[in-house]
Amino acid sequence: MTKGAFYHHFPTKLDLGYALVDDVIKPMIIDRWIRPLDNYENPLEGILKQMKILIGKADPAHLKLGCPLNNLVQEMAPVDEGFKVRLQAALTLWIDEMETHLKRAKKAGYLKSDVNTRHVAHFVVMTHEGFYGMLKGLDDSKAFEAMFDSLKRYFETLT
């Protein structure tokens, strides 16, 4: 793409960043976190499997970079309203869709009847982002197992 064509589509760096959130990160959430859960009768198993695949088996060099969504939330949401709105929409999409799967798990008897699926959805998204942040900060991919074990134990309290 020529420089002129690039600036035709993205007049500013912010426009490029906004498109990244809307056209890359939001679809990535659906492709990596939501659609795969359709394949599990028990979505909790799918969540654990996705954590293992996407973080536990990730290249340590990739983990050092952190989660693109989390990086943008940390750096851009506080300083630019356009980013803040888009990043909130991406997180809300993830939480909403995760909650849909958790409601399905509850209806099928995989979650206790008194479990607040919205709270668990927030926790799962926070856990993903926290895993990435911790692994980025610690620079120790082995720490994943400790965090993953804690997530499994948390899920056991819900079933």
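The values are calculated or read from the model by the stated rules, or taken from the named source; none is laboratory data. Since we're looking at a predicted model, the values are computed, not measured. Ideal geometry is used to build each Cβ from the backbone, glycine not excepted, and the neighbour counts take in all protein chains shown. We work out accessible area using only protein heavy atoms, side chains counted, and drop any ligands, DNA or RNA first. Shrake-Rupley method; radii C 1.70, N 1.55, O 1.52, S 1.80 Å.
Taken over the stretch 73-118, the criterion of being over 16 Å from the mean Cα position of the chain (by Cα) and either touching a residue at least 24 places away in the same chain (Cβ under 8 Å) or on the phi > 0 side of the Ramachandran plot (or both) is satisfied by Met76, Asp80, Gly82, Phe83, Arg104, Ala105, Ala108, Gly109, Tyr110, Leu111, Lys112, Val115.
Inclusion of Phe123 among residues that are surrounded by 14 or more Cβ atoms within 10 Å (Cβ to Cβ), more than 29 Å from Leu14 (Cβ to Cβ) and either more than 11 Å from the chain's Cα centre (by Cα) or of a type in the set (Phe, Trp, Tyr) (or both) is warranted. Kindly indicate which of Glu156, Glu145, Glu129 is touching a residue at least 12 places away in the same chain (Cβ under 8 Å), over 24 Å from Thr92 (Cα atoms), part of a helix (DSSP H, G or I) and out of contact with any His (no Cβ under 9 Å at 6 or more places or on another chain). Residue meeting the stated conditions: Glu145.
Does Gly137 qualify as being part of a helix (DSSP H, G or I), open to solvent by less than 70 Å² (accessible area, probe 1.4 Å) and without any contact (Cβ under 8 Å) to a residue 12 or more places away in the chain? Against the criterion (part of a helix (DSSP H, G or I), open to solvent by less than 70 Å² (accessible area, probe 1.4 Å) and without any contact (Cβ under 8 Å) to a residue 12 or more places away in the chain), Gly137 qualifies. Within this structure, Leu102 passes the test of being at pLDDT 95 or above, open to solvent by less than 60 Å² (accessible area, probe 1.4 Å) and within 27 Å of Asp22 (Cβ to Cβ).
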